[in-house]
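Structure record follows, encoded as structure tokens.
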Amino acid sequence: MAAEIHHVQVAIPAGGEERARGFYGGLLGFAELPKPANLARRGGVWFGTGNLDLHLGVDPAFRPATKAHIAYRVADLPALRRRLAEAGHTPVDDEPLPGYDRFYVDDPFGNRVELLEELCVVSTGR
């Protein structure tokens, strides 16, 4: 059986929905998705990222994920780096990953987020 990932869920603290909208919607540009009425009462917020849905769910015993993370492939990583830094989210470089430029940043709750962009390889014809 072939399987595809439909969504991932990341925990946020109670009352964090507006900060999540500012970071994931405002800074990263993810589209907010409506939650079904029966799930909306739990709090949290959902986003679409193009090929994957991100569910931010309220966890009463919230602890940030400082190692486990989701890696988002983005366009114009340098501009995103500047926008995040200007908003107070410090990008952190890590070991190189062949074929990609990347960095990590914490979301407003301390969850680790990886952002990466595929590098263009220019052929010299040799």
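With contacts taken as Cα pairs under 8 Å and at least 6 residues apart, the chain reaches a relative contact order of 24 percent.
Each part gets one Cα centre, and for region 1-45 versus region 59-115 those centres are 17 Å apart.
For a paramagnetic label modelled at 7 Å from the Cα of Glu118 toward its Cβ, which residues of region 62-104 fall within the zone defined by backbone nitrogen distances under 15 Å? Answer for region 62-104: 72-77, 98-102.
Close amide H partners of Ile12, meaning residues 5 or more places away or on another chain with modelled amide H under 5 Å apart, are Gly57, Val58, Asp59. Only the Cβ atoms of Lys and Arg (+1) and of Asp and Glu (-1) were treated as charged; on that basis the dipole of the chain about its Cα centre amounts to roughly 240 debye. For Ile70, the amide hydrogen comes within under 5 Å of the amide hydrogens of Glu114, counting only partners 5 or more places away or on other chains and with H modelled in the peptide plane.
Among Arg102, Arg73, Arg82, Arg42, the ranking by other beta carbons within 10 Å of each residue's beta carbon, starting with the fewest, stands as Arg42, Arg82, Arg73, Arg102. Binning the C-alpha pair distances of the chain at 10 Å intervals from 0 yields a P(r) profile of 11, 40, 32, 12, 3, 1, 0 %, listed from the shortest bin outward. Measure nothing fancy, just the Cα-based angle from helix 77-86's long axis to the longest principal axis of the chain, in degrees from 0 to 90, nearest 10. Rounded to the nearest ten degrees, it is 50.
Residues Leu56, Leu97, Leu115, ranked from the fewest to the most other C-beta atoms within 10 Å, line up as Leu97, Leu115, Leu56. Taking every DSSP beta bridge that has both ends in the chain, the antiparallel portion is near 60%.
Legend: ranking of residues Val74, Val105, Val92 from fewest to most surrounding C-beta atoms inside 10 Å; resulting order Val92, Val74, Val105. Under 5 Å from the amide H of Asn111 lie the amide H atoms of Ala65, each residue being 5 or more positions distant or on a separate chain, with H modelled from the backbone and absent for Pro and chain starts. Phi angles across region 88-99 convert, under the Karplus curve 6.51 cos²θ - 1.76 cosθ + 1.60 with θ = phi - 60°, into 3J(HN,Hα) values of x, 9, 7, x, 10, 7, 9, 3, x, 10, x, x Hz, Gly and Pro given as x.
Throughout, read-outs are computed from the coordinates displayed, never taken from laboratory work. Only a predicted model underlies this, so the values are computations on that prediction, with no experimental measurement involved. Here Cβ is always computed from backbone atoms with ideal geometry, including for glycine, and neighbour counts include all displayed protein chains.
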